[in-house]
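Okay, structure first, notes after.
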């Protein structure tokens, strides 16, 4: 009885295995380099210099990989023993390097609110590693610490940072309780305040301060600077419109209405009138809101928003028929508006 021939076992070439192993090592190093620059932490000097160690090891393994094909180095004797020792040492460093990068990545998994700390940039340096380059910042004044701290640069940072600059560091507490540095940027508040010392009427500086304080929700300061801007440049309406929008988002309707009323003298357009009516309605000033919303509908009868808000103002003041008319007009402009359709049906049902 004849036996079927056996399938010969696959023979793995040592070179192929070595290429796979080298590819895995290079992948770890490239990934870790990315993590170190994008998930960096502040004040830990070892993290600031690890990418350079990774780059050196990467070059070492490029030489070792080339040697497998070109036999550049001795295969026996003292050189061979040194190479084996370097391999073992580099493998240990790569393992540590990858573990540290993994820790930074895990630390970056966080939903804590971001906070901003002010500091001063003492110096910055660029390190060229050939195929890779890195930058380092030396920062002082962070949490009142007069000593300089090294932080690795990142593509997320502001361009044009310079030694001596006032900066802001955007941080988020990580899952491992390490402060992840999200961004390093110019301290624009100090920049604009210095600009105003040199040029007290600088429109750019005043507008910048309004925006900074509004985004921080420091609305008292934002409104104070807006008032100064409006006094000096009454035609500058854009930042006032933005400020009103930020106030409305924070449900500061009365303050938003005050800002918008100041804009009416120079910019009585649809957006200002609609936002003013909207803010007044939410502030409880329904009858005053009605006046501005009607004027908005007359300026632009093709925009549904004023009709939509006007419907609620009429409904809340007991004018159901007028509310139905306003919502019907909104529905003509924007068909398939379920909320408005329900409102109209509710009025018709109550009427019946």
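No other residue among 148, 108, 54, 141 is within 30 Å of the chain's Cα centre (by Cα), closer than 17 Å to residue 33 by Cα, surrounded by 12 or more Cβ atoms within 10 Å (Cβ to Cβ) and modelled with pLDDT under 85 apart from 54.
Look through 197, 185 and report the one residue that is in a strand (DSSP E or B), without any contact (Cβ under 8 Å) to a residue 60 or more places away in the chain and either over 23 Å from residue 280 (Cα atoms) or touching a strand residue (DSSP E or B) at 6+ places or on another chain (Cβ under 6 Å) (or both). Full working, then the answer.
Numbers: 197 fails: in a strand (DSSP E or B).
None of the others qualify; the one that does is 185.
Please pick out the residue among 100, 129 that is under 29 Å from residue 170 (Cα atoms), modelled with pLDDT under 80 and in contact with a helix residue (DSSP H, G or I) (Cβ under 9 Å, 6 or more places away or on another chain).
One residue alone meets the criteria, 129.
Of all residue pairs spaced 6 or more apart or on separate chains, those with beta-carbon atoms under 8 Å, a first member in the stretch 149-162 that is assigned by TED's automatic domain parsing to the domain that holds residue 125 and within 22 Å of residue 53 (Cα to Cα) and a second member that is at pLDDT 85 or above and part of a loop (DSSP other than H, G, I, E, B) are 151/40; 152/40; 154/40.
Residues of the stretch 12-24 include none that is at pLDDT 65 or above, under 32 Å from the mean Cα position of the chain (by Cα) and closer than 30 Å to residue 110 by Cα. Against the test of being assigned by TED's automatic domain parsing to the domain that holds residue 209, under 22 Å from residue 301 (Cα atoms), under 31 Å from the mean Cα position of the chain (by Cα) and assigned to a helix (DSSP H, G or I), the options 230, 287, 241 yield a single qualifying residue, 241.
So, of the residues in the stretch 200-221 that are over 21 Å from the mean Cα position of the chain (by Cα) and assigned to a helix (DSSP H, G or I), which turns out to be farthest from residue 116 (Cα to Cα)? If you could, list the steps in order and put the result at the bottom.
Restricting attention to the stretch 200-221, the residues satisfying the condition of being over 21 Å from the mean Cα position of the chain (by Cα) are 200-207, 219-221.
Next cut, assigned to a helix (DSSP H, G or I) only: 203-207, 219-221.
Values: 203: 26, 204: 23, 205: 21, 206: 21, 207: 21, 219: 18, 220: 20, 221: 18 Å.
Once the filter is applied, the top-ranked residue is 203.
All of 135, 154 fail the test of being assigned to a strand (DSSP E or B), on the phi < 0 side of the Ramachandran plot and either in contact with a helix residue (DSSP H, G or I) (Cβ under 9 Å, 6 or more places away or on another chain) or surrounded by 12 or more Cβ atoms within 10 Å (Cβ to Cβ) (or both), apart from 135.
One line per residue, one yes/no per condition, for (1) within 25 Å of residue 185 (Cβ to Cβ); (2) surrounded by 14 or more Cβ atoms within 10 Å (Cβ to Cβ):
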residue	(1), (2)
93	no, yes
98	no, yes
112	yes, no
115	yes, no
122	yes, yes
126	yes, no
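Exactly one residue out of 243, 264 is buried (at least 20 other Cβ atoms within 10 Å of the Cβ) and farther than 29 Å from residue 153 by Cα, and it is 243. Of all residues in the stretch 184-214, those that are within 30 Å of residue 101 (Cα to Cα) and exposed (fewer than 15 other Cβ atoms within 10 Å of the Cβ) total 0.
The values are calculated or read from the model by the stated rules, or taken from the named source; none is laboratory data. Being a predicted model, the structure only gives us computed values, none of them experimental. Backbone-built Cβ (ideal geometry, glycine too); neighbour counts: all protein chains shown.
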